[in-house]
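Below is one structure; the comments refer to it alone.
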C-alpha cells in the first residue's frame with residue numbers, strides 16, 4: 001500500500017489529527033503529564049480531556065454542537081406538496097460517499113450518509129413529482145474508488161427505488177464542484193428551482209457554495225436537510241456513548257472545519 005503526501009494525503013493526515021477523539025486524548029495526556037508539576041492545572045486538563053472524549057461519543061454532544069453551529073429548518077411535507085404542478089424544478093441529492101464494493105451485493109453501494117440522502121431525495125421527488133438528480137464523483141480522499149458515486153447511485157436509484165436519475169453529475173470532487181458542475185447542467189434543462197438534499201451539518205456549507213453558483217443562473221434553492229433530531233438531550237441514552245453519537249460529532253466537527261477553511 002503506497003501513500004503520497006499530495007492534497008488528498010495531506011487532508012487525510014490533517015483530519016486524523018483534528019477530528020475527535022485525537023485532540024481530546026492529547027489534552028488528557030497533557031493534563032496527565034502536568035499532574036506532577038501542577039496538580040490543579042493538570043487535573044483540570046485531564047478531567048476536561050476525558051469529559052470531552054465521553055461527550056464526543058454521545059448523541060447529546062452532537063446535538064449541542066449542531067445547535068451551536070446553527071441547524072437548518074426542516075422542509076415540511078406540506079412544503080413539498082406545494083411544489084406539485086410545477087415543471088421547472090428538480091430534487092438534487094449530494095453525494096456523501098459510497099462503498100467501492102459491497103460483497104453482499106457484489107457491486108458498489110451507497111455509504112450510510114448517501115443512503116439516507118438518497119432515500120429522502122426519492123421520497124421528495126415522488127411527493128413533488130419533480131425529477132431526481134445526483135451529484136458526486138470521486139472525492140479528493142476517496143482514492144480507492146474506481147467508479148464515481150453518481151454511477152453507483154444511478155444503478156441503485158433505478159434498480160432499488162424504481163426511480164431512474166434524470167441527471168447524474170459524476171465529475172465533482174467536493175461541494176464547490178458539486179455546485180459548479182451540476183447547476184449549469186440543470187439550468188440548461190430549464191430548471192429554475194432546486195430542492196437541495198444533504199445532511200443538516202453539511203447544509204450551511206452546501207448552501208454557501210450553491211448560492212454563489214445559483215444566483216447568476218436564476219435558480220432558487222430550497223434546502224432539504226436530513227439527519228435532524230427532534231430531541232437528543234432529554235434521554236439518559238443521549239448522554240451515553242454510541243456509534244451514532246460518535247459519528248455525528250465527528251461529522252459536525254468535520255463540517256465546521258471545512259466551513260472555516262472555506263472549502
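Computed over segment 1-134, the alpha-carbon pair-distance distribution with 5 angstrom bins reads 2, 9, 9, 11, 13, 13, 13, 10, 8, 6, 4, 2, 1, 0, 0, each value a whole percent.
Semi-axes of the equivalent ellipsoid of segment 77-226 are 23, 18, 13 Å, computed as sqrt(5λ) over the eigenvalues of the C-alpha gyration tensor in descending order.
Relative to the dominant Cα principal axis of the chain, helix 39-55 is inclined by about 30°. Of 145, 44, 15, the residue with the greatest mean-square motion in the GNM of the chain, using alpha carbon springs below 10 Å, is 44. Remark: 51, 203 ranked as 51, 203, counting other beta-carbon atoms within 10 Å and listing the fewest first. The share of C-alpha pairs in segment 168-241 whose separation exceeds 21 Å stands at 36 percent. The angle between the Cα long axis of helix 59-69 and the longest principal axis of the Cα atoms of the chain comes to about 70 degrees, rounded to the nearest 10.
Only the coordinates and a few stated rules stand behind these numbers; no lab work does. Keep in mind that what you see is a predicted model, and the values were worked out from it rather than measured. Cβ sites come from the backbone with ideal geometry, for glycine too, and all protein chains shown count toward neighbours.
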